[in-house]
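These notes concern the structure reproduced below.
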Amino acid sequence: MTSVVDRRPLWGGRVMALLGIVIVALSLRTAVAGISPIVAQISVDIPLDSAAVGLIGAVPPVIFALAAVFTASIARRVGLERLLVIALVLTVGGHLLRSAASGLPELLIGTALAIAGAGIGNVLLPPLVKRYFPDRVGLLTSLYATVISIGSAIPAVLATPVADAAGWRTSLAMWSVLSGISAIPWIAVMLEHRRERAALRAGQEAPELPEVADRLAAPIWKSGVAWTIALVFAVSTLNVYALFAWLPKLLVETAGVTAGEAGALLALNSIVGVPAALIIPILALRMKRVGILLELGVAFFVIGYLGLLFAPSTLTIVWVILIGGGPLIFPVCLALINLRTRTQNGSVALSGFAQAVGYTVGVLGPLVVGFLHQATGGWTAPLLFLIATALCCAVAGVRLSRPTFVEDELAAR
């Protein structure tokens, strides 16, 4: 029997799975990025003060963390494909509910539902890649990580024009169409699996389904590798959320740029990550010492932060670009979820655990930076804090350079 890891044509027998992964990746960030550009329009019908806007902004990392905690255990009982379809239905419902909201409670509940579905999708994509494309893990991880980055930018381009032309409710509701379309390939995959099982019961020959692995020998939290990857994910998430919240204000106050220029620099900071998402997972698959990539990300973060600390108004754009290169550790994390697991079940468990820890810690980024800025009246303490968190990732890079698998580590206990 041919091994499932033998290379075969990318489209060969896996068209629906490939389309499903790509379209789901495109839809994952619309629930997060689709509301902030049109807050002013929403406020005309639903009064939103600063506290309400802050509350809406705090929902994504909290819900992502909660979704990551429960997804792995539910996936074992329900199945990856079925759970993903359920998540997409939840996302569609959330988009529609918040588009019909008459007050802040409905807006928050709809946002939470849409983001919960996206959070489940976050966890399921790495194991789905491992299940359907074990021979092309690096390529597929690069592809969907890049598509996620593109999907994060689409609402910034479309949300406001659609709201101006057709109203904010239409602007929010339109993302439900993309989420609904995302479910179609996976429904087709499940129907094909059902036909194959029926053929087997009838004694006919049918293609072998991707293997579903047994349970881990011990809870995932007993794995040192899992904790190390979770730490890397946490560092990436904390820094990204902190930068989204505070980089424009920091640049205005330290570099002397205008608010408009600061917004443009924040956009540039985000765009820098797109090439990294495309290239880094492929490099991670081929490199013997994956930790080098993590250390490179740390170097980008630290040099950029030091530039803003000591010479913010000199070469400001260079510091912003360097900091934008720091989050390359995020696609490394996505790749490591499959590179440091042997089985589909290990990938599901590690994905859920790393993202649960990462998003929980990530919530602290904007809060701690804001507290330090308010307490000191400057940006030295916040920047030193961010440098310290990045250096933690350098230590993790040394640990992850050794090719230890989660299943082996847990079995040895």
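No lab work stands behind these numbers, since they all come straight from the coordinates. Here the structure is a predicted model, which is why all the values come from computation and not from measurement. Don't worry about glycine lacking a Cβ; one is built from the backbone with ideal geometry, like all the others, and counts go over all protein chains shown.
Along the axis of the charge dipole computed for region 220-411 (Cβ charges of +1 for Lys and Arg, -1 for Asp and Glu, origin at the Cα centre), the listed residues LEU265, GLY307, PHE233 are led at the positive end by PHE233. A simple spin-label model places pseudo-atoms 7 Å from Cα toward Cβ; at LEU139 and TRP227 they are separated by 3.8 nm. Seen against the Cα atoms of the chain and their longest principal axis, helix 273-286 is set at about 40 degrees. Using a 10 angstrom cutoff on alpha carbons, build the Gaussian network for the chain and name the most mobile of THR91, THR228, THR258. Of THR91, THR228, THR258, the Gaussian network model singles out THR258 as fluctuating most. Can you tell me how much longer the chain between ASP164 and ILE317 gets when fully stretched, taken as 0.36 nm per residue apart minus their C-alpha distance, in nm with one decimal? Net length gain for the segment: 51.9 nm. Please compute the Kirkwood hydrodynamic radius of the chain from all pairs of different C-alpha atoms, in Å with one decimal. With all distinct Cα pairs of the chain included, I get 22.0 Å. GNM remark for the chain: springs join alpha carbons under 10 Å apart, and the peak mean-square fluctuation among ALA245, ALA356, ALA65 falls on ALA245. Between helix 80-99 and the chain there is an angle of about 40 degrees, using the helix long axis and the longest principal axis of the Cα atoms. Take the Kirkwood radius over Cα pairs of region 220-411, plug it into Stokes-Einstein at 25 °C and 0.890 mPa s, and you get 145 µm²/s for translational diffusion. Enter the angle in degrees (range 0 to 90, nearest 10) between the Cα long axis of helix 104-132 and the first principal axis of the Cα atoms of the chain, meaning the one along which they spread out most. In the chain, helix 104-132 runs at an angle near 50 degrees to the longest axis. When LEU140, LEU104, LEU410 are arranged by Cβ crowding within 10 Å, least crowded first, meaning fewest neighbours, the order is LEU104, LEU410, LEU140. Using the Cβ-Cβ distance between ASP408 and VAL78 with R0 = 30 Å, the FRET efficiency computed as 1/(1 + (r/R0)^6) comes to roughly 0.65.
Taken over region 263-371, the percentage of Cα pairs per 10 Å bin, counting from 0 up to the bin with the maximum distance, is 14, 35, 35, 13, 2. When you count the other C-beta atoms within 10 angstrom of each residue and take the mean per peptide, 316-326, 343-353, 37-47 line up highest first as 343-353, 316-326, 37-47.
What does the C-alpha gyration tensor say about the overall shape of region 15-201? Classify as rounded when a/c is under 1.5, otherwise prolate if a/b is larger than b/c, or oblate. Prolate shape, in that a/c is at least 1.5 and a/b is the bigger ratio.
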